[in-house]
């Protein structure tokens, strides 16, 4: 019985370690720029903030991103800057965590640029 208890405790520790790695470790960080074409809260049971920017001339170059609920200033900025060109500071997680967002990319800061498409 002691061996089974140790195995279960070991598996729980491994699971917690793996989860902490997925949540806290950052695969990459950077900045993307483009026209903010979409930002909304979506979901039925778990609501997440999702958006996308257009990065090119054609409709094929979109960057989809998520915003954590705790980033109140980022959410407010993105709601106010739809249609404008923005710089998005982001980090990428190793895996997609469904309760945080639909993507692995999470925005931490928004900067408005001087350019606007729809005048």
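We did not get these values from a lab; they are worked out from the coordinates using the rules stated. All of these numbers come straight from a predicted model, not from anything done at the bench. When we count neighbours, we look across all protein chains shown, and the Cβ atoms used for this are built from the backbone with ideal geometry, even at glycine.
Some observations on this one:
- Among the residues making up region 41-50, a single one is part of a strand (DSSP E or B) and more than 13 Å from the chain's Cα centre (by Cα): 42.
- Condition check for residue 102: at negative phi, in contact (Cβ under 8 Å) with a residue 40 or more places away in the chain and under 11 Å from the mean Cα position of the chain (by Cα): yes
- In the set 85, 90, 27, 18, only one residue is over 17 Å from the mean Cα position of the chain (by Cα), surrounded by 10 or more Cβ atoms within 10 Å (Cβ to Cβ) and within 23 Å of residue 111 (Cα to Cα); that residue is 85.
- Subset of region 58-75 that is in contact with a strand residue (DSSP E or B) (Cβ under 9 Å, 6 or more places away or on another chain) and in a helix (DSSP H, G or I) - its residue that is farthest from residue 38 (Cα to Cα): 73
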